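Take a look at the structure below.
The values are calculated or read from the model by the stated rules, or taken from the named source; none is laboratory data. Owing to the predicted nature of the structure, the values given are computational and were not obtained by experimental measurement. In this analysis, Cβ positions are derived from the backbone assuming ideal geometry, glycine residues included, and neighbour counts consider all displayed protein chains. All accessible areas refer to the heavy atoms of the entire protein, side chains included, with ligands and DNA or RNA removed. Shrake-Rupley method; radii C 1.70, N 1.55, O 1.52, S 1.80 Å.
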Amino acid sequence: MRDLFDKIREDKGPLGNYSAQAEGYFIFPKLEGELSSRMKFRGHEVIVWSINDYLGLSNNEEVRKADLEGAQQYGLAYPMGSRLMSGHTDLHEELERRLAKFERKEAAFLLNFGYQGMVSGIESLVSRNDVIVYDAEAHACIIDGVHLHQGKRFAYKHNDIESLRTNLRRATNLVKDNDGGILVISEGVFGMSGVQGKLKEIVALKEEFNFRFMIDDAHAFGVLGETGAGTSEAQGVMDGVDIYFGAFAKAMAGVGGFFAGDKDVINYLKYNMRSQIYAKALPMAMVVGSLKRLDMIENRPELRERLHANTATLQNGLREKGFRIGETSSCVTPVFLEGDVQEAMAMVFDLRNNYHIFCSIVIYPVVPKGTILLRLIPTATHTLADIEETIEAFSAIRDKLKNGTYKKAKVDISAMTAEMS
């Protein structure tokens, strides 16, 4: 019999295997200073495209004042305990009512964390006889929730309605025999590609099949749609989405999330979600701050207008320079380049250290071998100068990538990071 920890020492995992070479620079980098479009990284100012602060609320004076007042009045511990036992308050209920009204649903249920809320919500809604049909490129919180399901689950090809139809037929045949139901899950906006889920087409399938539809709208809540109510509003299918999930970690610049839907469904979640029954309620300071953030989303449309103007300027500028940004139909802006892992690391080091641009890098196995994905998240606080400087820098590193500069470099990543320490 071997020691349980032997395998950990032998294989630290897909990311952990690179920890010695990359930690502190490519993995677990430290951005410093006030949250904004320009921050400090390793001692110099960089233009930051890796913070999901879409509306710029993280450093908004009104929001920070509300956060401070909430903390001063209640502290960070209040309320103590789970909502079910001792952590329920009038302000939690007020935020839920406001969120439900904003999403045009009967009720909403506030979550202490978005990720674990989605995991637990999926697990709570389905039983052994039910079938889940989900997009193959769904976020990890959806995948983890689906894996907790003790019944059948089918993944359909990403945003492929014919594949979804095929899997709905399979699911329908199964539930006929065991008296189960079907839950379809998609993202509103897919966080890597920026592509919107085909919600309108999925809702239309309800004419052929009997299923309930859940969306994870983390990247669209507060951002897309006429009022910011998300992808379902933007596509005109709010009534067709049975369970809406929104996260506070992006447009709301906070912590937490919520489910919204029919009152009986939300009430069921309140009494059955293990992540909420057995975990501490969202702290009051965050509840107070979230109420202010929702006020800003509802009453400050100019924040969304500024965000979308910046997004259009960035994406149009990249396209005009010949960059491939996929089929994004949201603020998420992926830039696809070609190169191996060594080239990708050398290029990003150059981008951060010499051009002072900080963005996220995605390589194999998240994307196919030979593909480098640089993901940009525009916000309402970015300026025209930020955008112009970034596009100019991207053009320069693309030229270097094409002429073999980064391949010839054969840079030792550990030496690079040590040099900057």
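Things to note:
- The stretch 182-199 versus the stretch 135-178: alpha-carbon centroid distance in Å: 13 Å
- Computed helical MRE - 222 nm, the chain, DSSP H runs ≥ 4 contributing -39500 (n - 2.57), nearest 500: -12500 deg cm²/dmol
- Taking the inverse of the mean 1/r over every pair of distinct Cα atoms in the stretch 1-157 gives a Kirkwood hydrodynamic radius of 20.6 Å.
- Working ranking of peptides 48-60, 135-147 by packing, defined as the average number of other Cβ atoms within 10 Å per residue, highest first, is 48-60, 135-147.
- For the chain, the longest principal axis of the Cα atoms and the long axis of helix 301-320 meet at an angle of about 50 degrees.
- The largest accessible area among D67, D350 belongs to the first residue in D67, D350, and the rest follow in falling order (1.4 Å probe, all chains).
- Protein-only accessible surface at a 1.4 angstrom probe places the residues F113, F41 in the order F113, F41, largest first.
- Charge dipole (Cα centre; +1 on Lys/Arg Cβ, -1 on Asp/Glu Cβ; no other charges) of the chain amounts to roughly 700 debye.
- D160 - accessible surface, heavy atoms, 1.4 Å probe, Å² rounded to 10: 50 Å²
- Cα centroid separation - the stretch 217-246 against the stretch 69-87, whole Å: 29 Å
- Computed over the stretch 1-121, relative contact order equals 8 percent, with contacts defined as Cα pairs under 8 Å that lie 6+ residues apart.
- Hydrodynamic analysis of the stretch 137-253 uses the Kirkwood radius over alpha carbon pairs. Inserted into Stokes-Einstein at 25 °C and 0.890 mPa s, it gives a translational diffusion coefficient of 167 µm²/s.
- Solution diffusion estimate, µm²/s, Stokes-Einstein, the chain, Kirkwood Rh from C-alpha pairs, 37 °C, viscosity 0.692 mPa s: 143 µm²/s
- When you count the other C-beta atoms within 10 angstrom of each residue and take the mean per peptide, 72-80, 6-14, 161-169 line up highest first as 161-169, 72-80, 6-14.
- Computed over the chain: relative contact order in percent, which uses C-alpha pairs under 8 Å that are six or more apart: 22 percent
- Relative contact order of the stretch 122-247, defined on C-alpha pairs under 8 angstrom at six or more residues apart (%): 22 percent
- Note on the chain: dipole from Cβ charges, positive end direction compared against T231, L35, V366; the farthest Cα belongs to V366.
- The magnitude of the dipole of the stretch 310-370, with charges of +1 and -1 set on the Cβ of Lys/Arg and Asp/Glu and taken from the Cα centre, is near 120 debye.
- Where only C-alpha atoms are counted, convex hull volume of the stretch 270-315 per residue in Å³: 132 Å³
- Kirkwood radius, the stretch 295-366, all distinct C-alpha pairs, inverse of mean reciprocal distance: 14.5 Å.
- Gain on full stretching of the segment that runs from Y364 to T227 - 0.36 nm per residue minus C-alpha separation: 45.6 nm
- Mean accessible surface per residue for the chain, computed with a 1.4 Å probe while every protein chain stays in place, in Å²: 47 Å²
- Gain upon complete extension [H44, N272; 0.36 nm per residue less C-alpha separation]: 77.2 nm
- Segments 96-104, 392-400, 376-384 sorted - mean Cβ within 10 Å per residue, highest first: 376-384, 96-104, 392-400
- Between 0 and 90°, nearest 10: helix 61-74 axis offset from the chain longest Cα axis: 60 degrees
- DSSP beta bridges fully contained in the chain are about 55 percent antiparallel.
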